[in-house]
Amino acid sequence: MFGIKHIKFDSMTYVLHYKNGSIKREGRGLSFFYFSPNSSIVAIPMGSNDLPFIFNESTNDYQTVNIQGQISYKIRQPKTLADVLDFTVNDNGQYKKNDIEKLNQRIINDAQTATSSFIHEIKLKDAIRSAKGIEEQILEGLKSSQAIAMLGIEILGANILAIKATPEMSRALETETREKLQQEADQAIYERRNFAVEQERKIKESELNTEIAVEEKQKQIAEKKMESEVQKAENDRKLREMRLEADIAVENHRKQLIEQKTANDKKEAETRGYVIETTLRPYKDIDWKTLTALNNNPDPKFNISLAFRQLAENADKIGSLNISPELLDSILNDKKDIRK
């Protein structure tokens, strides 16, 4: 029949079927016939969307940064969004207007607004390294935005993919960073060399300390050896003194013994002399001739010798003396026998 159409939507599309200005049916994934002259169909996508964005902002030090990222959202209240934006489709399911672009642009504008105040307060170097902070600012700004709430959408997340400075500033930062890295490398080389020098100094100091310790130990050994030699010499001296004292004591004992022996011999000699003197005292006044006679020597030669002595004593009184040869021969023969 003329004017009657059939339309079908998938399960991710929320459909509002208006007839003569009032809602006749609504829901997700509807399929129905309608009379096109008095019908208007609104189709709102319910799936999540990833909205890429890119915009420029100025930092606190008047440098431009390029921020790239994406925002994930989904339509939570389709009827609220249908009251704000036009998502009407024609008979073949195509949107009459491209209000989805308006929705995306409003979200990007709110995201940029939330980002601007944050970027304007920090410097370029901090901005380049503040991706996490910008994400938090965007999420907080979108979730607290009244305009986003009026659209009936839910912000699922925000991701910053890149934060870049201008090409000239990027080259300048690269040069600065390169110089800084070179300085750090030079500093590292200096510190490594300084460390090596310090280690060498410690090694030499340790060697010197070792040599000093060795010298000190050798000195102690020499002193100990000297003390030992002194002690040995002292012990030898004491030993010699002890031996000398012992020898002196022995000599003193010997001297005392000799003196005692001398005294004893003297006393014995005196005693013997006294005995002899006492024994000979009766013979003191006796003539030797008498003593000779008392001896009673039977040897005739002895008597002859006494006779010759008498002759010799009285030679001045003797005129002449005749001695027989036989007597002299007998005396001489006795002398020869004695010599033999």
Yes or no: residue 116 part of a helix (DSSP H, G or I), of a type outside the set (Asp, Glu), surrounded by 14 or more Cβ atoms within 10 Å (Cβ to Cβ) and in the same structural domain as residue 132 (by TED's automatic domain parsing)? yes
Can you say whether residue 173 is surrounded by 10 or more Cβ atoms within 10 Å (Cβ to Cβ), under 45 Å from the mean Cα position of the chain (by Cα), in contact (Cβ under 8 Å) with a residue 12 or more places away in the chain and not assigned by TED's automatic domain parsing to the domain that holds residue 64, as far as the supplied structure shows? yes
Run down 148, 189, 138, 155 and say which single residue is in a helix (DSSP H, G or I), touching a Leu at 6+ places or on another chain (Cβ under 8 Å) and either closer than 30 Å to residue 79 by Cα or without any contact (Cβ under 8 Å) to a residue 24 or more places away in the chain (or both). 148
Could you give me the residue pairs with C-beta distances under 7 Å whose first residue belongs to the range 91-117 and is within 14 Å of residue 145 (Cβ to Cβ), whose second residue is among the hydroxyl-bearing types (Ser, Thr, Tyr) wherever it lies, and which are 6+ apart or on separate chains? 107/73; 110/145
Quick test for you: out of 72, 58, pick the one residue that is surrounded by 13 or more Cβ atoms within 10 Å (Cβ to Cβ), under 60 Å from the mean Cα position of the chain (by Cα) and more than 15 Å from residue 152 (Cα to Cα). 58
Note on residue 67: of the conditions (1) touching a residue at least 40 places away in the same chain (Cβ under 8 Å); (2) surrounded by fewer than 17 Cβ atoms within 10 Å (Cβ to Cβ), unmet is (2)
Checked the range 1-55 for anything surrounded by 12 or more Cβ atoms within 10 Å (Cβ to Cβ), farther than 16 Å from residue 88 by Cα and hydroxyl-bearing (Ser, Thr, Tyr); matches are 48
Going by the conditions given, is residue 271 surrounded by 10 or more Cβ atoms within 10 Å (Cβ to Cβ) and at pLDDT 85 or above? no
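The values are calculated or read from the model by the stated rules, or taken from the named source; none is laboratory data. Everything numeric here is computed off the predicted structure, so don't read it as measured data. Positions of Cβ are generated from backbone atoms using ideal geometry, with glycine treated the same way; all protein chains shown enter the neighbour counts.
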